[in-house]
Amino acid sequence: MLEQQRVMSRRGNGLGMFNGLEWRDKMKGLKVHQEKHYLMWEDGTPFFYLGDTAWELFHRLDREEVAEYLERRAAQGFHVVQAAALAELDGIYMGNAYGHRPLVLEEGRVCLPGKQGESFSGAEECEAYWKHVDWVVHRAGELGLFIGILPCWGDKWNKKWGCGPEIFLDSDSAYEYGAWIGERYRGDWNVIWILGGDRPVENEGQESVLDAMAAGIRSRDTRHLMTFHPSGASCSTDFLKCKPYIDFNCCQSGHGLEGYESWKFIGKMQEEEEKPCLDMEPRYEGHPACFQPEYGVFWGEREVRQNGYWNLLQGACGCVYGNHGVWCFCREKDSGHLKTWREGLEEKGAGQMRYMEQLRLCRPFFELRPAPELVEQEEWCGQYIAAARGDKYAFLYTPYGQEMKVHLEKMGDGPVQCSWFDPADGVFKKKEIWPPCPVVLRPPDAGHDWVAVLDF
């Protein structure tokens, strides 16, 4: 029965799918689908990139805390955890939870443990830092989670703002580091490489640094996917278009008002390059709107869902969640952080992310394409109705429960079944049958977002 029936989860649903702990053994690895819109496992099974931003994970948490975080995110249905190996918040000079630093700078030279012929004061401390990173990656793998590893945050190659320091100023140092970290993690099944780190590429020198770091990684690891995390309100195609080492593109729609139009970033990347794409950093739950806590407005579950469904129905290969207390692992509340990281783990938006994946997987996955011709749009961007279709189905997302003027005649000659999906709880709550003609669809109730699932 459709009403009150949840869509089935990809994990443990009894329909031949595999839980997270079985992925590494059954699926082995990830690749780009042959039509270049989505990601998949090596056996052809769809892979939905459901990620969480935990940028300071390696730097700020001890192992007990890491285990707590990873276990909770795995239980919530996440598949990817994104973290910076060389962290943003004074990640070079300030040690991790155990007081260990990742590297030593000697006259501008980056000294890392285990490099051939490398001998320097502090090598044991640095090795201890990386053994902690090793442990995190391995523990995530045991839980069926990928780690999206940023080799370094962007202030390490473009200190436009932040702590820095800039330590990768030439191709040689970047290549050497890339080869070193690529060698260290090439044997782990659950790695995705994420270059960049919230900074723009402003000149050829910076581009050559990123090219070299990617080349260094690829000299040791040709197995794992690679992408780029750009600065706010921009796309990877703005900076690294047509780079062969970029397997899928990413944008950062960001935390300001421009984030309302996140679907435009997805569309832009699709127009510029035929690769899967993703919004790696949309509006965070608990983030002060437009970076202004004094306004007293913080993004919540509604904004998280809006960006997620807008992006998915534009053709994104998954969704990424962020929480303002979690990414930095906030321990004390302040005017800009209303919850600690543990409280942030339980925010409503985090628990609702899995419903996006469940909805996508309840219909043929690789068929879905944007279909704006199906619906008439409101002028205000916040009212944007996202529409996408497969061969025999369509999804329409109304962000505020407003009625939708839909052209069902463009879907086929027969009747259309409309089922209403509630993104807040993952439940189908109403079913209607409509003739193939222009109609006005009204959600079960107004005031919050809905997805109309059309079958024809």
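Which numbered condition in (1) surrounded by fewer than 19 Cβ atoms within 10 Å (Cβ to Cβ); (2) touching a helix residue (DSSP H, G or I) at 6+ places or on another chain (Cβ under 6 Å); (3) of a type in the set (D, E, K, R) is the only one that residue 268 fails?
Of everything listed in (1) surrounded by fewer than 19 Cβ atoms within 10 Å (Cβ to Cβ); (2) touching a helix residue (DSSP H, G or I) at 6+ places or on another chain (Cβ under 6 Å); (3) of a type in the set (D, E, K, R), residue 268 misses just condition (2).
If a residue has to be of a type in the set (Ser, Thr, Tyr) and either in a helix (DSSP H, G or I) or outside the structural domain of residue 354 (by TED's automatic domain parsing) (or both) to count, how many in the range 306-330 make the cut?
The total comes to 1.
Hey, any hits in the range 39-50 for a residue that's of a type in the set (A, V, I, L, M, F, W, C), buried (at least 20 other Cβ atoms within 10 Å of the Cβ), at pLDDT below 95 and within 20 Å of the chain's Cα centre (by Cα)?
Checked the range 39-50: no residue is of a type in the set (A, V, I, L, M, F, W, C), buried (at least 20 other Cβ atoms within 10 Å of the Cβ), at pLDDT below 95 and within 20 Å of the chain's Cα centre (by Cα).
Just checking, does the range 184-191 include any residue being under 21 Å from residue 235 (Cβ atoms) and crowded, with 23+ Cβ neighbours inside 10 Å?
Among the residues of the range 184-191, not one is under 21 Å from residue 235 (Cβ atoms) and crowded, with 23+ Cβ neighbours inside 10 Å, which makes the answer no.
Where the second residue is assigned to a loop (DSSP other than H, G, I, E, B) and among the basic types (Lys, Arg) and the first is more than 17 Å from residue 65 (Cα to Cα) and lies in the range 88-103, which pairs have Cβ atoms under 9 Å and are six or more apart or on separate chains?
Short answer, once both residue conditions are applied: 91/101; 92/101; 93/101; 94/101.
With the condition kept exactly as written, say whether any residue in the range 422-440 is out of contact with any strand residue (DSSP E or B) (no Cβ under 9 Å at 6 or more places or on another chain) and surrounded by 14 or more Cβ atoms within 10 Å (Cβ to Cβ). Step through it out loud before you land on a result.
First, pick out the residues of the range 422-440 that are out of contact with any strand residue (DSSP E or B) (no Cβ under 9 Å at 6 or more places or on another chain): 424.
Add one more test, that the residue is surrounded by 14 or more Cβ atoms within 10 Å (Cβ to Cβ), and what stays is 424.
Yes, there is a match, as at least one residue in the range 422-440 is out of contact with any strand residue (DSSP E or B) (no Cβ under 9 Å at 6 or more places or on another chain) and surrounded by 14 or more Cβ atoms within 10 Å (Cβ to Cβ).
Of all residues in the range 138-155, how many are under 17 Å from residue 112 (Cβ atoms) and in a helix (DSSP H, G or I)?
So in the range 138-155, the residues under 17 Å from residue 112 (Cβ atoms) come out as 149-153.
With in a helix (DSSP H, G or I) added as a condition, the list becomes none.
Within the range 138-155, residues that are under 17 Å from residue 112 (Cβ atoms) and in a helix (DSSP H, G or I) number 0.
I need the full set of residues from the range 64-84 which are aliphatic (A, V, I, L, M), over 20 Å from residue 331 (Cβ atoms) and surrounded by fewer than 22 Cβ atoms within 10 Å (Cβ to Cβ), in order please.
74, 75 - these are the residues of the range 64-84 that are aliphatic (A, V, I, L, M), over 20 Å from residue 331 (Cβ atoms) and surrounded by fewer than 22 Cβ atoms within 10 Å (Cβ to Cβ).
Take the residues in the range 270-305 that are within 15 Å of the chain's Cα centre (by Cα) and assigned to a strand (DSSP E or B); name whichever of them is farthest from residue 233 (Cα to Cα).
Across the range 270-305, the extreme among qualifying residues is 285.
Please determine whether any residue of the range 285-304 is of a type in the set (Lys, Arg), touching a helix residue (DSSP H, G or I) at 6+ places or on another chain (Cβ under 8 Å) and in contact (Cβ under 8 Å) with a residue 12 or more places away in the chain.
Let us first name the residues in the range 285-304 that are of a type in the set (Lys, Arg), namely 302.
Keeping just the survivors that are touching a helix residue (DSSP H, G or I) at 6+ places or on another chain (Cβ under 8 Å) gives none.
No: zero hits.
Looking at 377, 417, 402, 383, which is the one that is touching a Leu at 6+ places or on another chain (Cβ under 8 Å) and polar (S, T, N, Q)? So that I can check it myself, show each step before the final result.
Numbers: 377 fails: touching a Leu at 6+ places or on another chain (Cβ under 8 Å); 402 fails: touching a Leu at 6+ places or on another chain (Cβ under 8 Å); 383 fails: touching a Leu at 6+ places or on another chain (Cβ under 8 Å).
Going through 377, 417, 402, 383 in turn, just one is touching a Leu at 6+ places or on another chain (Cβ under 8 Å) and polar (S, T, N, Q): 417.
Could you list all residues from the range 382-402 that are within 14 Å of residue 307 (Cα to Cα) and surrounded by fewer than 16 Cβ atoms within 10 Å (Cβ to Cβ)?
Across the range 382-402, the qualifying residues are 382, 383.
If you take the residues of the range 111-166 that are at positive phi and touching a residue at least 40 places away in the same chain (Cβ under 8 Å), which of them is surrounded by the fewest Cβ atoms within 10 Å (Cβ to Cβ)?
Taking the range 111-166 first, the residues at positive phi are 114, 117, 122, 144, 162, 164.
From what is left, the residues that are touching a residue at least 40 places away in the same chain (Cβ under 8 Å) are 114, 144, 162, 164.
Working: 114: 12, 144: 19, 162: 18, 164: 18.
That would be 114.
Are any residues in the range 425-452 closer than 18 Å to residue 306 by Cβ and touching a helix residue (DSSP H, G or I) at 6+ places or on another chain (Cβ under 8 Å), and if so, which ones? Steps first, please.
At the first step, the residues of the range 425-452 found to be closer than 18 Å to residue 306 by Cβ are 425-426, 443, 445-452.
Answer for the range 425-452, where residues must be closer than 18 Å to residue 306 by Cβ and touching a helix residue (DSSP H, G or I) at 6+ places or on another chain (Cβ under 8 Å): 425, 426, 448, 449, 451.
The values are calculated or read from the model by the stated rules, or taken from the named source; none is laboratory data. Being a predicted model, the structure only gives us computed values, none of them experimental. With ideal geometry, Cβ positions are generated from the backbone for all residues, glycine too; neighbour counts draw on all protein chains shown.
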